Amino acid sequence: MVKHPKNTHASSTQEVPAVAGIPKHVAIIMDGNGRWATKRLLPRVAGHSQGLSTVREIVKECGDTGVEYLTLFAFSSENWRRPAEEVGFLMKLFLTALEKEINRLHRNNVRLRLIGDLSRFDPLIQERVAIAEKKTENNTGLNLTIAANYGGRWDVLQAVKECMSHYPNLTPELMTEELLQPFFSMSYAPEPDLFIRTGGEQRISNFLLWQLAYTELYFTNVLWPDFNKKELQASFSWYRDRERRFGRTSAQLVNQDAKS
Ligand code: IPE
Ligand code: IPE
Ligand code: MG
């Protein structure tokens, strides 16, 4: 059976990945925009606009700190359930951000990619996404991924469907993790080392379900518009103190460190 041509990264359930003091891949649920605005007696959408400034600061800080992949959850497959005016505002914000931010990202050597079912978006948004991805495709700095109309379950299903149509003779015995991995929408990235959720909720809300298997989970009460580089660095210090065992015992890790 021919291997799918796309890049693949080591899977945390197939082998023990190398870990470093700085997370290589940070994935964030940017939550709390609405509450930030409501607290200030502002319309919820004012929180979304303010949240965009936080995105700028965090993208810059990740690039400066040497993070290689940053993945931001901007709009979930369930966020369509929100009031039409809020969804409409988010779409407009998305469209203007794609246009306004792309030059800055490009100057900073950031490579932008979108994951999610983009087919549900306005064709103009889809067109701008394609232009932005194309423009930054040769950039070698931070890999920024925006998850839009993304859902972890959608991703697993689309990966299975793609895999089955790529290998028409696939039978259950032939199905392996390695075979499926290249079909996930983020197969170009290693699994996240650190997951951050702002806004106080301690849930995954259908974000990267498959990829978070061994990710360190960090929850903070800080609302996304108040999150900043100091808060990000605090999450990095917390991350450095974690013992990432990937199923092994603590003693095994101590022995491994003594050997190296
Ligand atoms: C996150 O902030 C942004 C999106 C989901 C688009 P929220 O809008 O969920 O803010 P809260 O959770 O209501 O405060
Ligand atoms: C998760 O936040 C999605 C994004 C940040 C894009 P939500 O605010 O939609 O999550 P729930 O509904 O509180 O779980
Ligand atoms: Mg929320």
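The values are calculated or read from the model by the stated rules, or taken from the named source; none is laboratory data. Here the structure is a predicted model, which means the values were calculated and not measured. Backbone-built Cβ (ideal geometry, glycine too); neighbour counts: all protein chains shown.
Below is a table of values for the structure above.
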quantity	calculated
Residue in the stretch 153-174 that is crowded, with 18+ Cβ neighbours inside 10 Å, in a loop (DSSP other than H, G, I, E, B) and without any contact (Cβ under 8 Å) to a residue 60 or more places away in the chain present	no
Filtered residue count, the stretch 178-203, keeping only those that are outside any helix (DSSP H, G or I) and either over 20 Å from Leu144 (Cα atoms) or of a type in the set (Phe, Trp, Tyr) (or both)	8
Residue within the stretch 114-121 that is assigned to a helix (DSSP H, G or I), within 16 Å of ligand 2 (Cβ to nearest atom) and within 29 Å of Val156 (Cβ to Cβ) present	yes
Candidates Arg197, Arg203, Arg248, filtered to the one that is within 17 Å of Ala27 (Cα to Cα), out of contact with any Lys or Arg (no Cβ under 7 Å at 6 or more places or on another chain) and loosely packed, with under 14 Cβ neighbours inside 10 Å	Arg203
Qualifying residue in the stretch 176-188 (condition: within 16 Å of ligand 3 (Cβ to nearest atom), surrounded by 13 or more Cβ atoms within 10 Å (Cβ to Cβ) and without any contact (Cβ under 8 Å) to a residue 40 or more places away in the chain)	no
Some residue of the stretch 83-99 being surrounded by 18 or more Cβ atoms within 10 Å (Cβ to Cβ), more than 16 Å from ligand 1 (Cβ to nearest atom) and modelled with pLDDT of 95 or more	no
Qualifying residue in the stretch 228-241 (condition: more than 28 Å from Ser77 (Cα to Cα), in a loop (DSSP other than H, G, I, E, B) and either more than 16 Å from ligand 1 (Cβ to nearest atom) or among the hydroxyl-bearing types (Ser, Thr, Tyr) (or both))	yes
Boolean, Glu78 is within 16 Å of ligand 3 (Cβ to nearest atom), exposed (fewer than 14 other Cβ atoms within 10 Å of the Cβ) and acidic (Asp, Glu)	yes
Counted residues, the stretch 33-60 - those being closer than 15 Å to Asn221 by Cβ and in contact with a strand residue (DSSP E or B) (Cβ under 9 Å, 6 or more places away or on another chain)	0
The stretch 213-235, subset out of contact with any Phe, Trp or Tyr (no Cβ under 6 Å at 6 or more places or on another chain) and hydrophobic (A, V, I, L, M, F, W, C), residue surrounded by the most Cβ atoms within 10 Å (Cβ to Cβ)	Trp224
